[in-house]
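The structure under discussion appears below in the form of structure tokens.
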Amino acid sequence: MNLFSPGILKFLTVILVAGMWSCNQSFAPTDLASEPLIPLPVSVTSDGNLFQLRHDMDIYIQADHPAVAEAGQYLVSILRPATGFDLEIKPTPIAPTKGHIYMHLDSTQSDLGAEGYVLDISDSGIELRAVKPAGLIMGIATLRQLLPADIESQTIRDIDWLIPTGTIRDYPEYEYRGAMLDVARHFFPVEVVKRYIDYLSMYKFNRLHLHLSDDQGWRIEIKSWPLLTEIGGSTEVGGGEGGFYTQEEYQEIVEYARLRNIMIIPEIDMPGHTNAALASYPELTCDGEAPELYTGIEVGFSTLCTSKEIVYEFITDVMGELAAITPGDYIHIGGDESHVTPLEDYIPFVERVQEIVQATGKKIIGWDEIAHAQLLPGTVVQYWENADNAVRAIEQGARVLMAPARKAYIDMQYDSTSRIGLHWAAYIEVDDAYNWDPATLENEIDREDIIGIEAALWSETITNMADIDYLAFPRLPGHAEIGWTPSSMRDWENYSHRLAAQQKRFDLMGIRYYPSDRVPWVK
């Protein structure tokens, strides 16, 4: 005998289901293809079920491969704080029994490239495979976003850790997906740089370009020229006390980034943007007089004396010490806005500096002005302002790093009411930062000419982590998607909703983002 009418039964069912989800503290979606991932993966297939991460699971890894073990430890560092689970890393020569996470390399997936991955999720376990360890790190970034946003908490959260099941097959559009942090105008300590690296790793960036010297400060210890940091590192924009990284601190940053598949690219800007170096060593000037330390933000007034041999001895020493503590492929030589260096002096200077850097075993990156010189094979030109310079570089066989100021300079204000930032290049709202394609931005620069993109954060107006957050978020994830996801798959309307879904993660991480009205945030 039925004691309840159909209407009452339906009501009680709704209440029961609501109560179950209330106890779990979150809604558990079962459609993997609808997950708000950033960057958007190349291929997602859903099978409509759920996997639950539990305390009695382990992370199995391919045996006898240190880089895979490092990836496993990195995954544990992400999962443990919020879950409280004591997940063990267990090397194994074969796939484990069901009910665990398994990470390994698979040479048969060569079409994925160095950073591609396959993430297979079933109700009984997770398998993450890639051709190279870098692909495992990229897959971990996806797995992180598939877990409830509470995974970003640094305290234990009592919820069910549920993930929709299916398969993600993914790989990047561009090999270079970078961000630049200017630590010269204002100095940021090691822990701030590490936090910025954490942001980049969430969204599959693989390069961090550190702008280590400028008119306002010299930020890396050079043991053979100690006054660079003693004098040149002593101040910053606005007259603050400045600072610098010891070589040991720099190596700490490099290693922290490496474990997250991020290559550090150091920049020593020259021949302009050099007032801090000139104030430290007046023999680098043409008149032998040391200029005053500079704490303003105007540019283009300083230059190394390109006719002096000691300048090249200085550069050789600096590049030698920097290359020795930089395991990555590149050193950035700057080259921009050297307005007081005559072109007839600038060109041979750049050509000689390229040879100095190449002699250290590194490749060269420079701002687009360096294309006036004869470029060595393998040199990358960073397009920031002048497309004609980028075309000059392409005609010499160089590849181009796309960082157009009007789109990719995230130190620009969102609009005229932004509390910090500049606007000499443009006001760049969140949709403006997202809605561009590196391969079609300039008619003369084709897809095959482009090595990748870089979002640049200059620090004239930023002094702390809150300022970094405000200008980087929510624009930084959009640049990550431009670098990773094929342009044919990108759409602002779809992206804006995926970005809004990141809101709880931002909040739990303490990211003090700009609440743009272009994004449908949860009110």
Helix 343-359: angle to the longest alpha-carbon principal axis of the chain, degrees 0 to 90, nearest 10?
60
What distance in nm separates the two pseudo spin-label positions at M489 and H339, each 7 Å out from Cα along the beta-carbon direction?
4.4
Surface accessible to a 1.4 Å probe, per residue, for the residues of region 236-374, Å²:
39
For V522, what accessible area in Å² do you get when you roll a 1.4 Å probe over the heavy atoms of the protein chains, rounding to the nearest 10?
110
With a 1.4 Å probe and every protein chain kept in, tell me what percent of the accessible surface of the chain is carbon plus sulfur.
53
If each DSSP helix of 4+ residues adds -39,500 (n - 2.57) and the sum is divided by the residues in the chain, what number results at 222 nm, nearest 500 deg cm²/dmol?
-9500 deg cm²/dmol
Could you tally the net charge around S122, taking each other residue with its Cβ under 13 Å from the Cβ of S122, Lys/Arg +1 and Asp/Glu -1?
-3
State the answer as a single residue: which of N386, P271, F85 lies farthest towards the positive end of the charge dipole of the chain, with beta carbon charges of +1 for Lys and Arg and -1 for Asp and Glu, about the Cα centre.
F85
Please work out whether region 343-465 counts as rounded, prolate or oblate from its C-alpha gyration tensor, where a ≥ b ≥ c are the square roots of the eigenvalues and a/c under 1.5 means rounded, while otherwise a/b larger than b/c means prolate and anything else oblate?
prolate
Options H497, G421, L112, ranked by Cα towards positive dipole end of the chain, top entry (Cβ charges):
H497
Reduced to Cα centres, the span from region 361-425 to region 145-160 in Å works out to 39
Give me the accessible area of R419, 1.4 Å probe, in Å² rounded to the nearest 10.
130
May I ask you to give the solvent-accessible area per residue for region 88-142, in square angstrom, as obtained with a 1.4 angstrom probe?
40
So if we plug the beta-carbon distance of D123 and S307 into 1/(1 + (r/R0)^6) with R0 = 51 Å, what FRET efficiency do we get, rounded to 0.05?
0.10
Relative contact order (percent) for the chain, with alpha-carbon contacts under 8 angstrom and 6 or more residues of separation?
13
Over region 273-422, relative contact order from alpha-carbon pairs under 8 Å, at least 6 apart, %
15
Once the dipole of the chain is set up with Lys and Arg at +1 and Asp and Glu at -1 on Cβ about the Cα centre, which of H339, P66, A257 lies farthest towards its positive end?
P66
How do H65, H479, H339 rank by accessible surface area computed with a 1.4 Å probe, from largest to smallest?
H339, H65, H479
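The values are calculated or read from the model by the stated rules, or taken from the named source; none is laboratory data. Remember, predicted model here, so these are calculated numbers, not experimental data. Using ideal geometry, Cβ is built from the backbone for each residue, glycine included, and neighbour counts are taken over all protein chains shown. Accessible surface areas use protein heavy atoms only, side chains included; no ligands, DNA or RNA. Shrake-Rupley method; radii C 1.70, N 1.55, O 1.52, S 1.80 Å.
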